[in-house]
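Below is one structure, written out as structure tokens; the observations come after it.
The values are calculated or read from the model by the stated rules, or taken from the named source; none is laboratory data. A quick note: this is a predicted structure, and the numbers were derived from the prediction, not measured. Methodologically, a virtual Cβ is constructed for each residue, glycine included, from the backbone with ideal geometry; neighbour enumeration extends over all protein chains shown. When the accessible area is computed, the model is the full protein with side chains, heavy atoms only, and any ligands, DNA or RNA have been set aside. Shrake-Rupley method; radii C 1.70, N 1.55, O 1.52, S 1.80 Å.
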Amino acid sequence: MPPATPTLLPVLITGAGPVGLFEALLLTQLGIPVRIIDREIAISPYSRALGLHCRTMEIFQFTGIIDSFLDRGKPMTNVSYYRNARLVGSLPVIQAPEQSRFSTGMFLEQAKTSGILLGKLKELGVEVEYGWELLDTKVVDGQDGEEEYVETMIRRALVEAHVVDGGKDKEYETQVVRSKYLVACDGGRSTVRHKINIDFPGRSLTQKILMWDGHCECDIPFTGPTAVKGPNGKTLFVVPLGEGIVRIGVEDNDLTPGEDFDKTLRDLTIEYFESVVNATASPAKFKVTSTAWLTCFKLNERRADHFVHKNRIFLAGDAAHIHTPSGGQGMNTGLQDAHNLAWKLGYVLNGLARPEVLLPTYEERCAMADRAIRVSSHIMARNRAQGVLADLKMYLVFLLAPLIARFTGSFFFSPEVAMLDVKYEKNIVNRPHDTQPEPATEHKVGIRAKDGILHPFYATATSSPSTTVAANTKDKKDPEPTLRLHSLLTGVARFHILVFTSDQLTTDAKDITTLLDSHVTQWRSRWTYGSTLQDGYVDKDLLKVHVIAGPPSSSSSAASNTTLLEMSKQEVGKGKVYIDNDGQIHKMYGFAVTKGQGGITVVRPDAHVGFRVHGVHEQSWKDVDSYFSSILVTQPK
Ligand SMILES: Cc1cc2nc3c(=O)[nH]c(=O)nc-3n(C[C@H](O)[C@H](O)[C@H](O)COP(=O)(O)OP(=O)(O)OC[C@H]3O[C@@H](n4cnc5c(N)ncnc54)[C@H](O)[C@@H]3O)c2cc1C
């Protein structure tokens, strides 16, 4: 075996698909040196995934990269449904706007998503090492007091840039890489998963799917996302990709016992694909005019038994879970795996958290993988359903949805598919309060931090700032635009403390700021981030504090008004105050703007609720302190 590279790399990432690239980008933003390898020579030009869901877009917003995606993607608008080539209806694919800034998901090919991530990574000085294949990996016990590490063997072809199966050893350059951690993003057939013997239980389905990208002529206009259910009981799914190219997916015949799938793939022709589409689109006619990609794939639903191996190796993306493409959950779930893991590795590698405390919590992603399998399987079953009842259901949905949208202004299209319902079970980072009663399910720790509209706080133009303040943006000329709560939750590694003061700022503003200042100052001195953050924030504050108050009242004391005015001038994240005019945000987080019904919510760096406590008094701050103290390690001075 060739000599190991002498230094211990913090993180090796294997696989530069969308998930590996995102993990590498996040860790780099966190100032963690990474090495990322892929056995291919470039990003695959063939896009499997086409969609980014609202939750992924929220995550791209928190991590400061959303603009590039918004520039290139196309919003998911109406889906048209045809039955026997006749239009049944068109369904608006939007969320209720108060759910998320991203009221709809976005179509963007996987190759473009990967391309954006690769470009961002390059801007931060990290190059993917293409042509390197992982062969083997294991966790090695450290000798003589050394810490454990991961030893990974990789190779690259010297003769050709691409590793060819069955090549001879002498044609390769081989390296042994020692790293503190390995993140396996090496896809559904993950070599890492095999080498560390993690089971991948689940089931293989009998269905085969034909997938094609190209130009075509069809009597059905494919101007937007379209589903066409045909007389043969199959459904065509069509998505326009731009420049006249459309993606068509359609179910092929089931696998037959003993079928040689590789041969099926080799024998696949455009004519065969055309015949399946014609049978489904009938009586409409379909003709291929040019082809960019044609493939056929089998379906599996599997989830790795564990995502964490000996607290050193982590599975993410398809390496950890695979399922049917229905509902477009796969890549999105993988990107969310990467987001969950990155801050935890960043904290541990900076000595801010003990590995044995924080890293096992990455297993919370298993439930999200199960969720993705459940959602996609449910959608697949619905799409395949046959018979009068199934038809009637689809007719009703497509006929009624536009009516609902007309009356309500929006149509509530499955937050499940948009992944706005993601939530984790309790563990050390999702910690219920020790003594206070458990809140209603929608406010429990572990849920996605919700979004909503906040108003700025400012002094009225006519009054003395020391006596009267107002935030009613309806009747005052608003000097600042309203903002969404999510726009405050920036950064890859930052906890955000939301202080819901209910009506208490009108009477107790001074007390609240005194408690806030004293605790936050103390926390900032105990827990600072060592690595150089490259996420656009110059400060190293791990904790950001945002004060959310109910509407101010005319009976506010002069002292409170003065304090409030000072708080409104604070920098963002340093106790700046915002107004929750109609109490909606208090309500979303399980508090109320009246009768001192406030509280404090700690939002984890990946925008899930980590902890919540009723009240904004001294004990509440102590409880928050105890939450942080159970996770974070005090830094030596
Ligand atoms: C037809 C289809 C449609 C889909 N549509 C959607 C959708 O709309 N939305 C959605 O969210 N998901 C969708 N998915 C799923 C999505 O494509 C995958 O979940 C996604 O590609 C997973 O990304 P990944 O980075 O985990 O793995 P991959 O994209 O598979 O990347 C793995 C990388 O690892 C590299 N690699 C593998 N082994 C090694 C090794 N030993 N050494 C070095 N490198 C290695 C590979 O070369 C590859 O670049 C779809 C899937 C299919 C099949």
* Hits in the range 591-601 (condition: touching a helix residue (DSSP H, G or I) at 6+ places or on another chain (Cβ under 6 Å) and at pLDDT 95 or above) -> Ile600
* To do: Collect the residues in the range 3-58 that are more than 7 Å from the ligand (Cβ to nearest atom), of a type in the set (Lys, Arg) and within 23 Å of Thr104 (Cβ to Cβ), keeping them in residue-number order.
  => Arg55
* Asked: Has the range 56-74 got any residue that is free of Cβ contacts under 8 Å to residues at least 12 places away in the same chain, surrounded by fewer than 16 Cβ atoms within 10 Å (Cβ to Cβ) and in a strand (DSSP E or B)?
  -> no
* To do: Kindly check whether there is at least one residue in the range 257-272 that is among the aromatic types (Phe, Trp, Tyr), more than 30 Å from Asp199 (Cβ to Cβ), more than 25 Å from the chain's Cα centre (by Cα) and open to solvent by less than 40 Å² (accessible area, probe 1.4 Å).
  => no
* Asp511 open to solvent by 50 Å² or more (accessible area, probe 1.4 Å) and over 30 Å from Phe102 (Cβ atoms) -> yes
* Asked: Within the range 18-29, can one find any residue that is assigned to a loop (DSSP other than H, G, I, E, B) and open to solvent by less than 10 Å² (accessible area, probe 1.4 Å)?
  -> no
* To do: Would you check if Ala385 is open to solvent by less than 30 Å² (accessible area, probe 1.4 Å) and either farther than 14 Å from Phe307 by Cβ or at pLDDT below 90 (or both)?
  => no
* Could you tell me whether the range 283-299 includes any residue that is more than 16 Å from the ligand (Cβ to nearest atom), open to solvent by 40 Å² or more (accessible area, probe 1.4 Å), over 19 Å from the mean Cα position of the chain (by Cα) and closer than 30 Å to Asn430 by Cβ? => no
* Structure fact -> Conditions (1) assigned to a loop (DSSP other than H, G, I, E, B); (2) under 17 Å from the mean Cα position of the chain (by Cα) -> Leu335 fails only (1)
* **Residue list for the range 301-328, filter: at pLDDT 95 or above and of a type in the set (S, T, N, Q)** => Asn311
* To do: All but one of (1) out of contact with any His (no Cβ under 8 Å at 6 or more places or on another chain); (2) within 12 Å of the ligand (Cβ to nearest atom) hold for Arg312, so report the exception by its number.
  => (2)
* Could you figure out which of (1) more than 14 Å from the ligand (Cβ to nearest atom); (2) surrounded by fewer than 20 Cβ atoms within 10 Å (Cβ to Cβ); (3) at pLDDT below 95 isn't true of His215? => (3)
* Structure fact -> Residue set Gly346, Gly351; condition in contact (Cβ under 8 Å) with a residue 60 or more places away in the chain and part of a helix (DSSP H, G or I); output residue Gly346
* Structure fact -> Picking from Ile447, Ile497, the residue that is within 20 Å of Val613 (Cβ to Cβ), aliphatic (A, V, I, L, M), modelled with pLDDT of 70 or more and under 18 Å from the mean Cα position of the chain (by Cα) would be Ile447
